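Visitor: Quick one: the structure is below, and I'll ask about it shortly.
We did not get these values from a lab; they are worked out from the coordinates using the rules stated. Please read all numbers here as calculations on a predicted model, not as lab measurements. Quick reminder, even Gly has a Cβ in these numbers, built from the backbone with ideal geometry, and neighbours come from all protein chains shown.
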Amino acid sequence: MAGEAREQSTGKRLRQPIVVVLGHVDHGKTTLLDRIRGTAVTAKEPGLITQHVGASVVPASVIEKLAEPLKKLIPFKLIIPGLLFIDTPGHELFTNLRRRGGSVADFAILVVDINEGFQPQTYESIEILKQRRVPFIVAANKIDKIPGWKSNPNTPFIVSYRKQPQWVQEELERRLWDNVIAKLYEVGFQADRFDRVKDFTRTVAVIPISAKTGEGIAELLAVLAGLAQRYLQNRLRFAEGPAKGVILELREQPGLGTAADVIIYDGVLKRGDLIVTGGLEGPVITRVRALLMPKPLQEIRVAKRELEPVDEVYAAAGVRVVAPDIEKAVAGAPIYVATSEEEAKQLAEKIRREIEALRIKTEAE
Ligand code: GDP
């Protein structure tokens, strides 16, 4: 009975959705991620953005604060604890976020320069998102470059838009339609400006933003958080069981040898856990020697964070895993915690088959 109650109470917990940023080169992916990481400073809530390995979390409190002026437009109370953004944009890393039947990413932001419109990597990104069945919203970036636009830094789009003269508003609408919305229709997606969308399950929401001035970032985060918790609740339900994750990259950790940067999307990973992952030569069974996370700092703008050991991490999280033989693993391989040697063997077999299947699939692509 006690177990059941626990199951019920923990079963209700939601983890942060894992969000990736994709789009054509120079359309503003890196600037947007920097801006998102800087939102805690803007929201005057320093220290609240928690840095992970390879990812950053924007907590719900910051999103709610930013969305304050939008209450009438986007009424919601957040029950997800925040959003976890993968720090590296683009599709190279995204391909490593594979998970059986889809992607570890729960949501994507497709960045399109509103002035330049769709470019080859915009189409490529859409193809990848379609293949992996990752829902996405579109950030129509660089609105500050629209002729006549007068920027209102760190203001919601709606507020800044209302302050523009009519001819500037019309120019924005024209570019938004011609360069973004019409192009989405051409590739089979119904789309509209986010505040005109009636059914978010059928229509892709497009949010005009400037990653440079911060205009529209409030809506971007609010819409993402709102959509994720409304439509992805089952996926985000968090189990307090053995961790499941994927290896993002392998890295040298000075003094400790090779380590794996891992995104945990389910469960809890603990120091000493028996883990199973995949390598080119076959599955790797090992034990976690150390888990490293960036040290919490007051000053969040410091780029290079020192890592410190922690005992456990909860999904969703980005963490550096130090373990013997981890150098034999490959980026993109799944990583699972086993509760016994027996289970480890079964998981190893499962991983061997998964990697085999992926290899066949990748060759076919
Ligand atoms: P990425 O290749 O997609 O990661 O693009 P970057 O973030 O590196 O941006 C490419 C260039 O566009 C840089 O010079 C940025 O400063 C600039 N940029 C990005 N976002 C904006 C924006 O909203 N407005 C303006 N004016 N420039 C931007």
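Visitor: Roughly how tilted is helix 217-231, in degrees to the nearest 10 and between 0 and 90, from the longest Cα axis of the chain?
Guide: Helix 217-231 sits roughly 50 degrees off the main axis of the chain.
Visitor: Short version: ³J(HN,Hα) in whole Hz for each residue of region 263-280, in order, from phi by Karplus 6.51 cos²θ - 1.76 cosθ + 1.60 (θ = phi - 60°), x for Gly and Pro, what are they?
Guide: Using θ = phi - 60°, the values come out as 9, 8, 10, 7, x, 10, 10, 10, 4, x, 4, 7, 10, 10, 9, x, x, 5 Hz.
Visitor: Each label point is 7 Å from the Cα along the Cα-to-Cβ direction; what then is the distance between the points at Asp199 and Leu232, in nm?
Guide: The answer from the label model is 2.2 nm.
Visitor: Run the helix sum for the chain: -39,500 (n - 2.57) per DSSP H stretch of 4+ residues, divided by residue count, reported at 222 nm to the nearest 500 deg cm²/dmol.
Guide: It comes out at -9000 deg cm²/dmol, rounded to the nearest 500.
Visitor: Kindly flag which residue pairs out of Lys145/Lys183; Lys71/Lys198; Lys212/Lys295; Lys29/Lys244; Lys77/Lys198 have an alpha-carbon separation exceeding 23 Å in this structure.
Guide: Result: Lys212/Lys295; Lys29/Lys244 exceed 23 Å.
Visitor: Once the piece of chain linking His91 and Val310 is laid out straight, how much longer is it, given 0.36 nm per residue of separation minus the C-alpha distance between them?
Guide: 75.8 nm
Visitor: What is the fewest-to-most order of Arg271, Arg174 by other Cβ atoms lying within 10 Å of their Cβ?
Guide: Ascending Cβ contact count within 10 Å gives the list Arg174, Arg271.
Visitor: Please rank Leu70, Leu84, fewest neighbouring Cβ atoms within 10 Å first, as an exposure proxy.
Guide: Ranked by crowding around the Cβ, least crowded first: Leu70, Leu84.
Visitor: Something else about it: Out of residues 5 or more away from Asp87 or on other chains, whose amide H comes under 5 Å of its own, with H placed 1.01 Å from N in the peptide plane?
Guide: Placed amide hydrogens put Ala55, Ser56 under 5 Å from Asp87.
Visitor: On to the next question. Please list the non-local residues whose amide H lies under 5 Å from the amide H of Ala338, H modeled 1.01 Å from N, same-chain partners needing a gap of 5 or more.
Guide: Long-range HN contacts for Ala338: Leu274, Ile275, Val276.
Visitor: Considering only DSSP beta bridges where both residues belong to the chain, give the percentage that are antiparallel (nearest 5).
Guide: Close to 70 percent.
Visitor: Which aspartates and glutamates, if any, have their Cα less than 12 Å from the Cα of Lys270, not counting same-chain residues under 8 positions apart?
Guide: Reachable aspartates and glutamates: Glu240, Asp311, Glu312.
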